[in-house]
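Encoded as structure tokens, the structure appears first; notes follow it.
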Amino acid sequence: MQKAIVVAVSIVFVAAFAVLAAGGAKLKVTSSAFQEGGDIPAKFSCDGANTSPPLKISGVPAEAKTLVLIVDDPDAPSGLFTHWVIWNLSPQTGTIAEGGAPSGTHGTNDFGKSGYGGPCPPSGTHRYYFKVFALDRQLDLAAGAKRSQLDSAIKDHVIAQGQLMGRYSRKK
């Protein structure tokens, strides 16, 4: 029950961020490994090396004080599943290298670990969203914080956002 409430609150916050940023700047998030809506290569999943794909971020507003990166899967059986959370990234971060661990504060993903945890759906094809938020201030949030804490901390501070969605299904 508690997890269902946390998931519901997270979904509400994500929807609120979309509304907040809709009138503001739009970030562009791309990857040389896959196209928007395309298949994520297995090397970036639990079936491969489980390393993060390369990302490029552009269109960050000059007034941005920090960036937040969230990777999640809304198709998980238990609801929204977070694969990677980092905050207080420099707003000058234009690229994140393949397998890179960018400088910033790393939170705890839903695997219970810090860092990237790649796609690993139990069945079917899932969507994975690589979301970047530009904020108007640095976050005072301790390393290891969970997604729900991050969602609360960025509320009312998003000035721009963008995302890249890729799909993954396990080959049996």
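Only the coordinates and a few stated rules stand behind these numbers; no lab work does. Keep in mind it's a predicted model, so treat the numbers as computed, not measured. Glycine gets a Cβ as well: all are built from the backbone with ideal geometry, and neighbour counts include every protein chain shown.
Here are some notes:
- For the pair residue 113 and residue 65 in one chain, pulling the backbone fully straight at 0.36 nm per residue adds 14.6 nm over the alpha carbon distance.
- Residues whose amide H falls under 5 Å from that of residue 159, counting only those 5 or more places apart or on a different chain, are 134, 135, 136, with hydrogens built in the peptide plane.
- Net charge contributed by nearby residues that have their C-beta within less than 14 Å of residue 119 (K/R +1, D/E -1): -1
- Amide H partners (placed H, <5 Å) of residue 88, local residues excluded: 67, 105, 139
- Applying the Karplus relation 6.51 cos²θ - 1.76 cosθ + 1.60 with θ = phi - 60° to segment 110-125 yields 3J(HN,Hα) values of 7, 7, x, 10, 8, x, 7, x, x, x, 7, x, x, 6, x, 9 Hz, where x marks Gly and Pro.
- Whole-number percent relative contact order across segment 2-169, with pairs defined as alpha carbons under 8 Å at least 6 apart: 31 percent
- For Cα Rg over 2.2 N^0.38 Å, calculated from these coordinates, the label among [x] 1.00; [y] 0.96; [z] 1.30: [y]
- A Förster distance of 35 Å, applied to the separation of the beta-carbon atoms of residue 32 and residue 138, puts the FRET efficiency at 0.75.
- Distance between the 7 Å Cα→Cβ label points at residue 75 and residue 155: 3.0 nm.
- Helix-only [θ]222 nm of the chain, DSSP H runs n ≥ 4, -39500 (n - 2.57) each, per residue, nearest 500: -5500 deg cm²/dmol
- Each residue of segment 38-48 is assigned a 3J(HN,Hα), and the resulting list reads x, 7, 7, x, 4, 4, 9, 10, 5, 7, x Hz, derived from the Karplus form 6.51 cos²θ - 1.76 cosθ + 1.60 (θ = phi - 60°), x at Gly and Pro.
- Just checking the listed ones, 45, 123, 58: in the Gaussian network model of the chain with Cα springs under 10 Å, the one fluctuating most is 123.
- Stretched out straight at 0.36 nm per residue, the stretch from residue 43 to residue 167 would grow longer than its current Cα-Cα span by 43.3 nm.
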